[in-house]
Structure formats: C-alpha cells, structure tokens
Amino acid sequence: MSDWNRTIPRELVDGSNADGRHMHSTAGLADMAVTIAKLYDDPAWAAAGVGLMDRIQTPRITFDGSLFLGTRWDQTVVFDGRRNPQSGTIPGGRSEWSYFWSADGTDKAVFMYQTSGNTAYLIRSADGTANFATVLTYTGTGAQSCLPHSLVDCGSGVLFFFEYDTDGKRIWVSVDGGQNWGDNAPGFDDSDPLITAAADTIRHYHGAVWDSTTSKLYIMVGDSNSASRILICDDIADLRANPGTWKTRWGLDSSGQVVDEDYVLNDNLTAGLPDSQDFRAVSMVLKTVGSTRYAVWALDSSSVGGQSVFKMDLSTGVKTEIGKITGAGWWMLETASGHLVLATDSELTGADYSNGHDKYVRLYGIDANLANLREMVKLERNDSDSPSGTALWYGLTEAFGLVCGYCNRTDPGTICGRVDSLVNLLANGNTWDQFDLLLASSPSGINYFTNPQFDTDTTGWAAWHATIARDDTTYPVGSFASLKITPNGINTSGWGSQSLSVPIRKQLGGHFVTVSFSVKLTDIHADQIPMVIIDFGDSKSSVWTIPASYWDGEWHHHSITTYVPENASLIYLKCCPNYGGPAATSTGLMYIGDVRLVVGTRAAAGNMPGIDALA
C-alpha cells in the first residue's frame with residue numbers, strides 16, 4: 001500500500017472514523033498548500049499557503065507547469081508549487097470567466113472566456129495571465145457559454161474554437177497561436193468563422209480533442225439522436241484549405257444530409273445519419289492500451305438506469321461499454337499514472353431530477369487498462385432541498401500529485417485527492433472510500449467576534465433600523481442564548497451587527513476567513529428578504545440570501561468562507577431579517593446564535609477550544 005495510506009492527523013479530518021482515516025467524501029481541499037505542508041512537513045509549502053484561493057475554480061495547468069487557480073476579485077491567481085502570486089488583472093466589466101485553457105503553439109499563451117449577455121469574448125495572455133488582450137468577439141442568439149473542450153490546440157500554432165450557444169454552429173481557426181482568428185484561405189477575413197453549419201443539422205458543438213499520436217481531430221457534436229456524432233478530421237491543413245468539403249463530409253450542409261462514414265466515429269448510422277445518443281459526449285480521452293488506440297467517453301444524456309461509459313477500438317470501430325454512471329459525463333481526465341478520472345453532473349427536468357441523475361455529483365475512476373469503472377467520490381448538492389439548475393464541474397486537473405476539481409453547487413466546491421491513492425484504488429481493487437481526499441487545514445483557535453453566545457447580554461452588538469435583545473429561551477443545541485433581531489416595520493432594511501476593530505481588520509486582511517453561525521427565522525413574510533452579509537466596505541461584500549427552505553422556524557447551521565481584501569476599510573457582519581423587502585409586511589424575526597469568525601476555510605465547531613472576545 002502507498003505511504004499515503006498512513007493515518008491522517010485528526011485535525012485535518014472532517015467526517016472520520018476512529019483512526020482518523022477519511023471515510024466519506026463530504027469535505028474538500030480549500031487551503032491547499034497549508035494542508036499539504038502538514039502532511040509533507042515542508043516549510044516552503046506552509047509559507048505558500050497564506051492567501052491561497054478557497055476554491056480552485058476551473059483549475060488548469062498553464063504552459064509553464066503552474067496551476068491556474070481562479071480569480072480573487074479581478075485578479076488572476078496561479079500556483080507553481082511554491083508560490084501563489086496574484087499574477088494579473090482580468091479586463092472588462094463582464095463575467096470574469098467560464099473556462100480556462102493553455103496552449104503550447106507558436107506563441108505560448110493562456111486563454112480565458114468571458115461573456116456579457118449575448119456577446120462572448122475569448123481573451124489571451126502571453127505572459128502567464130499578467131496581461132490579457134481580446135482576440136475573438138462574437139454574438140449569438142442566446143446567452144453565451146462554452147464547454148471544457150471548446151478550444152483545442154493542434155500544435156504548431158493551429159487552434160480551433162467551437163461555438164457552444166443555444167444554436168451555436170460556428171468553428172473558428174487560428175494559425176498564429178490564438179493571436180488572430182479567421183483563416184488565411186481565400187475568401188476568409190480574419191474574423192470569419194471557418195465553418196457555419198446549416199440550420200437544423202446539429203444543435204451545437206461540444207468541443208474537440210486533438211490526437212497528436214495519429215494527427216487526427218475528433219469533434220463532439222449534439223444533442224438529438226441524428227445530431228449526436230463524433231466527427232473526424234485526418235488532415236487539418238486540408239480542413240483549413242477546403243472547409244466546404246469537410247462541411248459536406250460531416251453532414252453539415254443541410255438537414256438530413258448523409259454523413260460520410262469515413263469521417264464520423266459512429267457505429268449506428270441509419271440511412272447515413274446517426275440515430276443514437278451513444279456518441280453524445282462533451283469530454284473524451286484518447287488512450288493507447290498495449291498496441292490498441294482507444295477513444296473513451298461518457299454520455300452527456302439522461303437515461304433510465306444511468307449513462308454508459310464507452311471505449312472504442314479506433315482501428316476496428318468496435319465499441320464496448322465499460323460501465324454505467326449516475327449523472328452525465330462532464331469532464332474526463334487521464335492522470336500521469338494512466339488511470340482516468342470522470343466527473344459527472346446533476347441535472348433537472350423541470351423541478352425533478354432527470355432520468356439517470358440524482359442529487360449528487362460524482363467522481364469515478366477508470367483503471368489504466370480501461371477494464372473497471374468505480375465510484376470514488378459522491379458530493380451532495382448544496383441546494384438539494386430545493387434544487388435549481390445544473391450542478392457541474394468547472395475544472396478537473398492533475399497538479400503536484402493531486403487530482404483537483406471544482407463543482408459549482410457543492411459545499412465545499414473544491415476537492416483534491418491524492419493521485420497515488422487513486423492508483424491503489426484502481427490497480428489493487430480497493431473500495432472507493434480509500435480514495436483519500438485532502439481536507440482544509442484546521443481553523444485558527446481564535447474566534448474574532450466578541451460575545452458570540454451572548455453570555456454578556458448584547459455587548460459588542462448593535463442594531464440599525466431594528467431592535468436587538470438577548471433571548472435565553474430560544475437558542476441552538478449546545479448553546480444557552482441567542483440574539484433576537486426584530487425589524488422596526490418602518491425601514492426596508494434593518495439588522496443586528498458587529499464591526500471588528502481596526503487592529504483585527506489589519507490582521508485579517510489578505511486572508512481567507514470562515515464565518516459560521518446558527519440562524520432561526522420565524523413568521524417570515526413572502527416579500528421579506530432575509531440575508532447575512534459580511535461587508536468589507538468599498539462595495540465589496542459576501543452575501544448569503546437565506547433560502548425559503550430555512551424559513552421553517554427551525555435552527556439551521558451555515559458557514560460562509562470569503563477572502564478579506566488586504567485594504568478592507570471595515571469587516572462588518574450584518575444579520576438582516578429583511579434587506580430591501582416592503583417594510584410594512586417584512587416584520588418576521590431572526591435569531592442568531594453561536595457566531596464565529598476564524599482564519600481558514602473550515603468552520604469552527606461551536607465548542608472549539610480557543611479564545612473568544614478579542615479586544
């Protein structure tokens with residue numbers, strides 16, 4: 001067994017059994033470097049830990065081997081294994097990014113994708129995210145987005161970008177490492193798409209994968225049975241020179257057009273057209289086992305009994321099911337060990353979970369020989385009581401001996417697992433709970449709020465457009481009092497609050513902190529807007545709008561992890577029974593108990609040893 005299977009110190013474990021081993025996947029990695037330092041005993045990792053992203057959003061490896069973590073306000077953050085510099089500023093006042101790629105073409109660069117309404121922007125940095133330039137702008141028929149493989153690097157400066165809009169049917173090409181988009185073939189301006197599929201041929205492109213071993217491009221398309229196909233190009237120079245030929249081969253000229261079977265990865269053509277969901281994929285891995293080259297993909301669909309994971313022998317066209325998964329296959333990663341990690345989503349049809357989906361997102365492992373599929377991690381959606389939208393993975397990558405991923409609707413969103421425990425799991429047939437997740441570092445033993453359990457009446461707390469009072473008859477389990485906050489019925493917003501002192505504010509600036517509390521709401525009106533706000537001044541804050549599922553008159557525990565700006569002008573906790581709702585009707589009460597603020601990215605337990613009531 002790997003050395004990693006030794007006992008993990010208990011302070012790193014959230015949900016452990018008697019010997020401290022992590023036995024279920026409810027926790028994730030937040031302060032990555034600090035956690036690793038405790039296991040490696042490496043001071044350099046510990047020194048790098050301060051200020052790391054609490055969520056590794058869209059983690060990707062850049063061309064120089066650094067790990068792109070995400071954004072802090074408008075700053076990009078990367079991590080090279082020792083340092084985590086704020087490396088650059090993201091331009092534009094639009095949505096900061098959706099996905100991230102690196103490219104190693106003629107000019108090495110990293111890319112981010114931005115949106116503003118119906119307009120999309122591909123931005124490029126040639127200096128490790130310090131500076132960006134917009135290199136492609138386009139407008140579609142609906143709100144823009146993209147998928148993990150929307151941009152593909154084919155080497156030698158040739159890149160393709162595939163539109164993923166509600167009706168996205170365009171392909172762009174760059175021949176200079178992404179500096180300019182269009183084609184040098186006659187009749188194409190710089191900004192022209194290479195190919196625009198005819199209406200009703202497909203819904204949109206799911207992206208592409210480049211096989212450098214065989215010099216073939218595999219393009220994933222969806223979504224109907226007749227549209228779901230994996231297109232093949234074995235000559236990208238000819239694709240650039242003669243796009244019309246390829247458009248015809250791929251059946252993109254007109255609805256119902258026959259597909260050339262030599263240029264599509266599909267074993268189920270009916271009258272020359274695909275007729276199955278078996279090739280509906282958004283992520284794919286090309287892999288050699290022995291002397292056989294395989295394509296591996298999971299279905300992006302909704303089927304009773306779950307979705308299939310397939311492998312196809314590319315020399316014979318024989319397709320084999322490896323197994324079934326719950327949720328749609330969203331992201332597939334081949335690790336350096338040869339094993340695969342597959343991330344699945346959780347989708348809704350109306351208010352119910354779609355066929356083959358449930359309230360969990362998952363990570364599956366596939367062994368290097370493509371013989372076994374195992375569930376490794378199962379995380380419950382944080383909105384499972386009243387689900388909305390799709391819970392999905394925004395990133396999955398391998399870095400510094402870890403498999404790192406970020407999900408948009410789980411708490412915590414980021415998880416990391418050790419690659420060598422993945423090897424143990426898949427090679428030795430261990431059970432899935434032996435895929436060890438690294439967890440957030442233990443929180444500081446100091447609570448920075450004064451009088452958090454109201455044992456000295458309301459000392460340290462204030463009211464604005466509301467009244468506050470200590471209530472020793474209503475309190476969460478394990479406590480003995482709470483703060484009762486009553487709106488005044490006159491103003492549309494009011495709260496009970498505590499503001500931290502200047503010395504504490506300076507001490508916490510530049511760190512991630514976690515605020516945890518218990519909250520109870522009674523007699524909340526439908527128009528009332530209850531919130532908990534951590535205000536840093538200068539229009540920067542973290543806001544939790546309390547969902548209606550919490551309006552049931554019961555105690556609920558919640559935590560908010562957030563970054564404190566280095567120059568925060570204040571740290572001001574506002575517990576708001578109403579924030580902006582009609583004053584006359586928004587008179588329901590809020591009770592707050594056991595309020596704690598700790599340094600780090602894991603909430604402090606209510607009975608955590610430490611020092612309360614700092615001056």
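A few remarks follow.
- Residue list for segment 278-290, filter: surrounded by 14 or more Cβ atoms within 10 Å (Cβ to Cβ) and over 17 Å from Y218 (Cα atoms): V289
- Just one of the listed residues (D262, D267) is loosely packed, with under 14 Cβ neighbours inside 10 Å, of a type outside the set (S, T, Y) and under 30 Å from A371 (Cβ atoms), and it is D262.
- Selection of first residues in segment 455-466 that are more than 20 Å from G478 (Cβ to Cβ) and touching a residue at least 40 places away in the same chain (Cβ under 8 Å) and of second residues that are open to solvent by 50 Å² or more (accessible area, probe 1.4 Å) and among the aliphatic types (A, V, I, L, M), restricted to Cβ pairs under 8 Å at least 6 apart or on distinct chains, gives the following pairs, ordered by first then second residue: G460/A613.
- Residues (surrounded by 18 or more Cβ atoms within 10 Å (Cβ to Cβ) and within 28 Å of the chain's Cα centre (by Cα)) located in segment 212-226: L217, Y218, I219, M220, V221, G222
- Residues that are part of a loop (DSSP other than H, G, I, E, B), open to solvent by less than 20 Å² (accessible area, probe 1.4 Å) and without any contact (Cβ under 8 Å) to a residue 60 or more places away in the chain, drawn from segment 291-332: L299, S301, G306, G327, A328
- Complete set of residues in segment 467-487 that are polar (S, T, N, Q) and in contact (Cβ under 8 Å) with a residue 40 or more places away in the chain: T474, S479, S482, T486
- Test result for G553, open to solvent by less than 20 Å² (accessible area, probe 1.4 Å), without any contact (Cβ under 8 Å) to a residue 40 or more places away in the chain, over 21 Å from P452 (Cβ atoms) and assigned to a loop (DSSP other than H, G, I, E, B): no
- Scanning segment 352-378 for residues that are closer than 25 Å to Y113 by Cβ and either surrounded by fewer than 19 Cβ atoms within 10 Å (Cβ to Cβ) or touching a Cys at 6+ places or on another chain (Cβ under 8 Å) (or both) yields one hit, V361.
- Of the criteria (1) open to solvent by less than 10 Å² (accessible area, probe 1.4 Å); (2) at pLDDT below 90; (3) out of contact with any Gly (no Cβ under 7 Å at 6 or more places or on another chain); (4) not acidic (D, E), which one V595 fails: (2)
- Residues in segment 501-539 that are of a type in the set (A, V, I, L, M), closer than 19 Å to G581 by Cβ and in a strand (DSSP E or B): 5 in all.
- Subset tally (residues that are in contact with a strand residue (DSSP E or B) (Cβ under 7 Å, 6 or more places away or on another chain) and not in a loop (DSSP other than H, G, I, E, B)) for segment 336-351: 6
- Residue that is most open to solvent (accessible area, probe 1.4 Å) [pool: residues in segment 249-259 that are of a type outside the set (K, R) and in contact with an Asp or Glu (Cβ under 9 Å, 6 or more places away or on another chain)]: S255
- Number of residues in segment 155-168 that are touching a residue at least 40 places away in the same chain (Cβ under 8 Å) and open to solvent by 10 Å² or more (accessible area, probe 1.4 Å) equals 4.
- The set of residues in segment 489-521 that are open to solvent by 30 Å² or more (accessible area, probe 1.4 Å) and within 15 Å of Y591 (Cα to Cα) contains only K520.
- Any hit, segment 121-143, residues being of a type in the set (S, T, N, Q), in contact with a Phe, Trp or Tyr (Cβ under 6 Å, 6 or more places away or on another chain) and open to solvent by 20 Å² or more (accessible area, probe 1.4 Å): yes
- Odd one out for H339 among (1) within 21 Å of R229 (Cβ to Cβ); (2) open to solvent by 10 Å² or more (accessible area, probe 1.4 Å): (1)
- Strands (runs of 3 or more DSSP E) contained in segment 114-185 and holding at least 1 residues modelled with pLDDT of 85 or more and of a type in the set (D, E): 151-153
- When segment 532-550 is limited to residues that are more than 14 Å from L597 (Cβ to Cβ), more than 24 Å from the chain's Cα centre (by Cα) and not small (G, A, S), the one that is surrounded by the most Cβ atoms within 10 Å (Cβ to Cβ) turns out to be Y550.
The values are calculated or read from the model by the stated rules, or taken from the named source; none is laboratory data. The model shown is predicted, which means the values in this text are computed figures rather than measured ones. All Cβ positions, glycine included, derive from the backbone under ideal geometry; neighbour counts span all protein chains shown. Ligands, DNA and RNA are stripped out before the accessible areas are found, and what is left, the full protein with its side chains, is counted by its heavy atoms. Shrake-Rupley method; radii C 1.70, N 1.55, O 1.52, S 1.80 Å.
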